[in-house]
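Sharing a structure, written as structure tokens. Questions coming.
The values are calculated or read from the model by the stated rules, or taken from the named source; none is laboratory data. All values derive from a computational prediction rather than experimental measurement. A quick note on method: Cβ atoms are made from the backbone with ideal geometry, for glycine too, and the neighbour counts reach across all protein chains shown.
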Amino acid sequence: MQVDVITLYDLSIFGNSDTIAIWQQLNFTHTDGGRQYLKKILQQPLNSIHAIQDVQNTIQQLLALENQWPPNITNGTIMVLEKYFETPVDSFKPIPDPLSAWMYATFKKSDYSLIKYSVEHTISFLQGLQKITILMGDGNSKISSIWLQTIQLFLSKSLVQEMLQFKKGKPLNREQVLTYGHFIQHHYKRDTEALIEIYHQLDAYLSLAIATKKFNFHFPNFIESNEPFIKAEGLYHLQLITPVPYSIVLERNQNFLFLTGANMGGKSTFIKAVGVCAYLAHVGMSVPAAQMDLSLFDGLISNINLTDNISKGESYFFNEVHRIKKTIEKISDGRKWLVLIDELFKGTNQQDAVKCSITVIEGLRKMNNALFILSTHLYEIGHELQIHPNIQFKYFETALENDQLHFSYQLKDGISNDRLGYIIMRKEGVVDLLNKL
């Protein structure tokens, strides 16, 4: 699925100045490498249902094993292994006899201590991987099957099999320390590095499993379709402490959602919630929704957090127009797109905004290869658009009780007629301050 940098910024997948990044909320990794691989997973939405389902199966398998995960592999363990390969030590016999081993341990104390410490951590790492292979069995995805086959291959070497028998209650003798230390550093480096990389991947996918459980996410169901559609119940934005869930249906015959409501009523949050769910679904992750069925999308593009560019002399309105142009050019390829637009043309005067908005909406609504969610503060244009059967109208209701604003955050059918700007100014004391000038 194509997603550009602006859209990732709009949806806070990797953070913006206003909110914590989505990837950080999903980060329950235990290693530095796992954290980096998690970001890599979330940077690469997938392009086939088969690939998405394989990731889903991988996460679900790890979810079932999360409570049994071996605790003996830590970020410190991996750092010790990596440091060992980078640190030179004085040479010794590959298979030392008791005397030469004693002499090395006695006269090369610092080197021997490093070797012993590194061997013990390597054994802990290998035993942890062995336990993981036992827990995962044959694997129930292509991803996990490759992991398991590779781990089992590298653990099958004779000296590794010896190390796997080591028990903490029975310390290694000097000959074993030096024999294993030489083997690891001179004959097992590439294998160890490959195993570390696999563990980083395991750590990243385990993080997504932990997030699934912690946040009570559900896996979406992808359905093969030549037409784009989304059907979701109980969908919400994962960054809200007490979210209000939404239901949404977007399909070919009603592929355009025209959204209105007062500022702070929930329009932007709703748009972002749909975008985040669609994005996470396409990386194979579970989503913040009770149920979600959708087609595979070829692209996701948004127009939410645009700004002006002083250094280039570009106004806010210019950037709005430019982004709309780029959007039209991209989605004109006939493939399936999800398009999110928040507060269209708020960077120009009312008359221009009305004319530009109607022109854009009248054009976009003809494109049945895409789904659109568009919010606007120009409520009056909605009545002109009601002649089009593929446009559905939703709004967020705001109530004024005893001069207090109440936001239900409930998505309702219809077009809002709220005009609350002056009321908010008065409530916040701005009107009184101006009257006293």
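Residues are listed down the side, and each one gets a yes or a no for (1) outside the structural domain of Ser48 (by TED's automatic domain parsing); (2) surrounded by 18 or more Cβ atoms within 10 Å (Cβ to Cβ); (3) of a type in the set (A, V, I, L, M); (4) in a loop (DSSP other than H, G, I, E, B):
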site	(1), (2), (3), (4)
Phe258	yes, yes, no, no
Phe270	yes, yes, no, no
Met292	yes, yes, yes, no
Phe297	yes, yes, no, yes
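Here is a follow-up. Would you be able to tell me the number of residues in the range 1-40 that are at pLDDT below 90, among the small types (Gly, Ala, Ser) and more than 14 Å from the chain's Cα centre (by Cα)?
Here the count works out to 1.
While we're here: When only residues in the range 172-212 that are out of contact with any Asp or Glu (no Cβ under 9 Å at 6 or more places or on another chain) and in a loop (DSSP other than H, G, I, E, B) count, which is nearest to Val287 (Cα to Cα)?
Tyr188
Of all residues in the range 320-373, which are surrounded by fewer than 17 Cβ atoms within 10 Å (Cβ to Cβ), among the hydrophobic types (A, V, I, L, M, F, W, C) and either touching a helix residue (DSSP H, G or I) at 6+ places or on another chain (Cβ under 6 Å) or over 20 Å from Ile6 (Cα atoms) (or both)?
Ile358
Kindly evaluate Thr87 against the criterion of being assigned by TED's automatic domain parsing to the domain that holds His200, over 23 Å from Leu206 (Cα atoms) and not basic (Lys, Arg).
On the way: assigned by TED's automatic domain parsing to the domain that holds His200: yes; over 23 Å from Leu206 (Cα atoms): yes; not basic (Lys, Arg): yes.
So Thr87 fits the description; yes.
Separate question: Checking Val80 against (1) modelled with pLDDT under 95; (2) surrounded by 15 or more Cβ atoms within 10 Å (Cβ to Cβ); (3) outside any loop (DSSP other than H, G, I, E, B), which single condition isn't satisfied?
(1)
Right, next: Exactly one condition in (1) in the same structural domain as Leu208 (by TED's automatic domain parsing); (2) in contact with a helix residue (DSSP H, G or I) (Cβ under 6 Å, 6 or more places away or on another chain); (3) assigned to a loop (DSSP other than H, G, I, E, B) is false for Leu62; which is it?
The failed condition is (3).
Just to be sure, is Ser268 under 20 Å from Asn417 (Cβ atoms) and among the hydroxyl-bearing types (Ser, Thr, Tyr)? Write out each step before concluding.
Working: under 20 Å from Asn417 (Cβ atoms): yes; among the hydroxyl-bearing types (Ser, Thr, Tyr): yes.
Against the criterion (under 20 Å from Asn417 (Cβ atoms) and among the hydroxyl-bearing types (Ser, Thr, Tyr)), Ser268 qualifies.
Okay, residues lined up against (1) in the same structural domain as Ala211 (by TED's automatic domain parsing); (2) assigned to a helix (DSSP H, G or I); (3) in contact (Cβ under 8 Å) with a residue 60 or more places away in the chain:
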{"position": "Gln44", "(1), (2), (3)": "yes, no, yes"}
{"position": "Ile52", "(1), (2), (3)": "yes, yes, yes"}
{"position": "Val55", "(1), (2), (3)": "yes, yes, yes"}
{"position": "Asn67", "(1), (2), (3)": "yes, yes, no"}
{"position": "Asn72", "(1), (2), (3)": "yes, no, no"}
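With among the polar types (S, T, N, Q) and either within 21 Å of Lys157 (Cβ to Cβ) or touching a Cys at 6+ places or on another chain (Cβ under 8 Å) (or both) as the only criterion, which of Ser110, Ser124, Ser91 stands out?
Details: Ser110 fails: either within 21 Å of Lys157 (Cβ to Cβ) or touching a Cys at 6+ places or on another chain (Cβ under 8 Å) (or both); Ser91 fails: either within 21 Å of Lys157 (Cβ to Cβ) or touching a Cys at 6+ places or on another chain (Cβ under 8 Å) (or both).
Of Ser110, Ser124, Ser91, the one residue that is among the polar types (S, T, N, Q) and either within 21 Å of Lys157 (Cβ to Cβ) or touching a Cys at 6+ places or on another chain (Cβ under 8 Å) (or both) is Ser124.
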